[in-house]
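The values are calculated or read from the model by the stated rules, or taken from the named source; none is laboratory data. The structure displayed is predicted, hence computed values, not measured ones. Counting neighbours? That spans all protein chains shown, and the Cβs are built from the backbone with ideal geometry, glycine included.
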């Protein structure tokens, strides 16, 4: 079965009841994904053993990450490509397979049988008889009253080894048990005792409200013919058609960028309560020190993490061996070699005073701490760049780069010497 969900596709594989265990089903599914999808499509698969039939789900991206082409399922691909691969993989593991040709013939025979019944009208009689039997079972208090109600509806009744009835217009008697297990004489007697109006109300399912999406197919407007193009060109030349004006947004893009920059600088001055050039220079010096502190702290965390890299490598290997170790603990000796590796790695961690959970917690601690310091460093760098931009805008263009520092000092000295008004 295949179901399209946005840009993904789903494949469902179901195995025969009590024929395969989840591990074997996982291996077969993995081999199918590698062979059918190859290295072009990203896929995730899982095995479910919560039902009588072990089954697996495959979800894969329908857009190839190699060439960007979309997966396309054509009619008949299941019989040509998908089922032959699954049959071959199941044969390798000694499992039952589905014969594509036999299934086609069976579907053809079923289709003919359904068409023949439709032509003869058998299914119409069966549905009508079932409805009448259900109604009489629901109304009757005992089996004799059930027969009386059938007679009132115009049915002829024949009681022998099997209960048989014939509605008006039908040429032959019909055995009730041929309608299903629920309509043999024993089942009818049992249903008369158990079923009533309250029983059917409890069986009714309350319909769930759901939102249904409707996709509207959009059609492209047909292109103009040569004659139509000439006619439109003539209308344009005589002024009947006016050309649409282009957008003028590009004219104001630079002004908008400058406005955002000025707003950012204004907010910077307000945040740090800066009222003079001296305070601006002091704030820049303070931000420079903060940047050095965060860089040193980031370097410290990085070095500490590097010193624990051997522990992290051992923990990664144990994570890879974890499924095999769990299978070995459940009694599967096939994974004995993996168990030995697991024990050796566990002893290696214990020799350094750590367990697997503690190493994983240590890694998370370093990661969170490093991320926090990087975020603080990013904020400090942004603030420092904004302050330097404001300071540079206060220096005239005629001052060369080599004299900017001296000019800054002169500005500060001059500002101090000015009297306060």
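Details
- If you go through the range 270-287 and pick out every residue that is surrounded by 14 or more Cβ atoms within 10 Å (Cβ to Cβ) and touching a helix residue (DSSP H, G or I) at 6+ places or on another chain (Cβ under 7 Å), you end up with 9.
- Applying the set (1) outside any loop (DSSP other than H, G, I, E, B); (2) modelled with pLDDT of 90 or more; (3) more than 30 Å from residue 27 (Cα to Cα) to residue 273 leaves exactly one unmet item: (1).
- When residues of the range 41-68 are limited to those that are under 20 Å from the mean Cα position of the chain (by Cα) and in a loop (DSSP other than H, G, I, E, B), the one farthest from residue 26 (Cα to Cα): 68
Residue-by-condition table, conditions (1) under 17 Å from residue 385 (Cβ atoms); (2) assigned to a helix (DSSP H, G or I); (3) in contact with a strand residue (DSSP E or B) (Cβ under 8 Å, 6 or more places away or on another chain); (4) without any contact (Cβ under 8 Å) to a residue 60 or more places away in the chain:
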{"residue": "265", "(1), (2), (3), (4)": "yes, yes, no, no"}
{"residue": "283", "(1), (2), (3), (4)": "yes, yes, no, no"}
{"residue": "286", "(1), (2), (3), (4)": "yes, yes, no, yes"}
{"residue": "317", "(1), (2), (3), (4)": "no, yes, no, yes"}
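- So residue 336, is it in contact with a helix residue (DSSP H, G or I) (Cβ under 7 Å, 6 or more places away or on another chain), at pLDDT below 95, within 18 Å of residue 322 (Cα to Cα) and not in a loop (DSSP other than H, G, I, E, B): yes
- Test: residue in the range 94-112 that is crowded, with 16+ Cβ neighbours inside 10 Å, modelled with pLDDT under 85 and more than 24 Å from residue 175 (Cβ to Cβ): yes
- Selected residue (criterion: farthest from the chain's Cα centre (by Cα)) from residues of the range 26-40 that are farther than 23 Å from residue 327 by Cβ and free of Cβ contacts under 8 Å to residues at least 24 places away in the same chain: 38
Yes/no per residue for (1) surrounded by 11 or more Cβ atoms within 10 Å (Cβ to Cβ); (2) on the phi < 0 side of the Ramachandran plot; (3) modelled with pLDDT of 80 or more:
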{"position": "32", "(1), (2), (3)": "yes, yes, yes"}
{"position": "35", "(1), (2), (3)": "yes, yes, yes"}
{"position": "39", "(1), (2), (3)": "no, yes, no"}
{"position": "44", "(1), (2), (3)": "yes, yes, yes"}
{"position": "68", "(1), (2), (3)": "no, no, no"}
{"position": "81", "(1), (2), (3)": "yes, yes, yes"}
{"position": "85", "(1), (2), (3)": "yes, yes, yes"}
{"position": "91", "(1), (2), (3)": "yes, yes, yes"}
{"position": "119", "(1), (2), (3)": "no, yes, no"}
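- Of the candidates 358, 372, the single residue that is assigned to a helix (DSSP H, G or I) and farther than 27 Å from residue 272 by Cβ is 358.
- Whichever residue in the range 132-176 is outside any helix (DSSP H, G or I) and touching a residue at least 24 places away in the same chain (Cβ under 8 Å) and, among such residues, is farthest from residue 193 (Cα to Cα): 170
- Out of 344, 361, 351, one residue alone is exposed (fewer than 11 other Cβ atoms within 10 Å of the Cβ) and free of Cβ contacts under 8 Å to residues at least 40 places away in the same chain. It is 351.
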